[in-house]
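Here is the structure we will look at, set down as structure tokens.
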Amino acid sequence: MSLHNKRVLITAGPTWVPIDEVRVISNIASGETGILLAEKLLKVRAKVTLVLGPAGFCCINKKIKLIRFKFFDQLRNKLKKELLSKNYDVIIHCAAVSDFKPAKSIKGKMKSGQGFNLRLTPLPKIADEIRGLAPAACLVLFKLEFGIPDQELIRRARKALLKAQADLIVANRITPSYKAFILNKNETLGRINSKKELADKLPGFIYKT
């Protein structure tokens with residue numbers, strides 16, 4: 001697939017889930033991978049839309065269409081609207097999406113200095129909804145894991161790929177140092193050692209898909 005003039009949508013950054021009116025559950029994602037990918041794909045003359053969560057960013061090229069979100073529901077709704085209103089050729093879903101939300105919503109602001117128990121309940125998996133919204137797109141997912149051997153990382157990532165009916169998945173970890181594997185349903189296509197290397201090489205694997 002030549003990426004010249006292809007419509008590419010990238011999700012990136014963390015998502016928030018509210019605890020009360022001023023506190024949130026979040027994660028440590030920076031959005032860096034998605035921004036690097038957006039800039040690289042722009043260089044190969046793709047038409048790039050970046051759906052970016054509450055992460056800092058600087059000097060994103062104005063030719064990249066930027067859609068901002070903060071909360072899980074905002075990401076889910078904006079992604080659905082974008083995919084139903086436009087025909088994207090490639091979707092790269094690398095946002096660090098929240099997996100849980102408080103089982104009970106809290107109105108107002110909890111008083112400081114008092115303990116409370118926070119019971120969590122699972123959120124829907126946005127990755128598993130994308131194929132139904134964009135049946136013809138090349139779908140690239142990300143799977144982040146910690147503290148497991150490479151073989152198990154790859155196994156879990158491929159299972160997620162098959163469940164979501166994706167074309168490619170990036171199985172990665174960030175500690176003690178960045179490492180990633182680019183997979184399809186049958187084989188491991190490449191090993192990556194930095195986010196910049198990933199941004200440089202992933203478009204080539206998409207091109208071959």
Might you tell me the accessible area per residue for segment 66-156, computed with a 1.4 Å probe and given in Å²? 62
Karplus (6.51, -1.76, 1.60) ³J(HN,Hα), θ = phi - 60°, over segment 139-150, in Hz, Gly and Pro reported as x: 10, 10, 10, 10, 10, 9, 9, 10, x, 10, x, 4
DSSP beta bridge pairing in segment 74-208, given as percent antiparallel to the nearest 5: 55
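Sorted by accessible area with a 1.4 angstrom probe, largest first, how do 173, 68 fall? Working shown, then result.
Numbers: 173 25, 68 85 Å².
So, going from the largest accessible area down, we get 68, 173.
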Considering amide H positions built from the backbone, and no H for Pro or chain starts, which residues 5 or more places from residue 24, or on another chain, come under 5 Å of its amide H? 19
Gain in length, residue 163 to residue 136, computed as 0.36 nm per residue apart minus the alpha-carbon separation, to one decimal in nm? 8.1 nm
Of all the accessible heavy-atom surface of the chain, with the other protein chains kept in place and a 1.4 Å probe, what percent is carbon and sulfur? 52
How large is ³J(HN,Hα) for each residue in segment 52-64, as worked out from phi by the Karplus curve 6.51 cos²θ - 1.76 cosθ + 1.60 (θ = phi - 60°), to whole Hz, x for Gly and Pro? 10, x, x, 10, x, 8, 9, 6, 5, 3, 5, 6, 8
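If you take every DSSP beta bridge fully contained in segment 1-129, what fraction is antiparallel? Give it as a percent rounded to 5. Don't skip to the end; give the middle numbers.
Details: 5 of 21 bridges.
For segment 1-129, the DSSP antiparallel bridge percentage is about 25.
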Nearest 10 degrees, 0 to 90: helix 72-85 Cα axis against the chain principal axis: 40
What FRET efficiency would be calculated for the residue pair residue 85, residue 111, taking the C-beta separation as r and a Förster radius of 45 Å, to the nearest 0.05? 0.55
Amide H contacts under 5 Å for residue 143, placed H, 5+ residues apart: 170, 171, 172
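Between exposed GluC sites (Glu not before Pro) in the chain, where DSSP calls loop and at most 12 other Cβ atoms lie within 10 Å, what's the longest gap? Please report the intermediate quantities before stating the final value.
Working: sites that count: 21, 187.
Value returned for the longest uninterrupted segment is 22-186.
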Positive dipole terminus of the chain, leading residue within 77, 189, 53 (C-beta point charges): 77
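So what is the relative contact order of segment 1-47, in percent, for Cα pairs below 8 Å that sit 6 or more residues apart?
Details: 49 pairs, mean separation 23.6, N = 47.
The normalised contact order for segment 1-47 reaches 50 percent.
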Taking the dipole of segment 130-180 about the Cα centre (Lys, Arg +1; Asp, Glu -1; charges at Cβ), the one of 162, 137, 172 that reaches farthest to the positive side is 162
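The values are calculated or read from the model by the stated rules, or taken from the named source; none is laboratory data. Everything numeric in this text was worked out from a predicted model, so none of it was measured. All Cβ positions, even for glycine, are placed from backbone atoms using ideal geometry, and neighbour counts span all protein chains on display. SASA here: full protein model, heavy atoms, side chains in, ligands and nucleic acids out. Shrake-Rupley method; radii C 1.70, N 1.55, O 1.52, S 1.80 Å.
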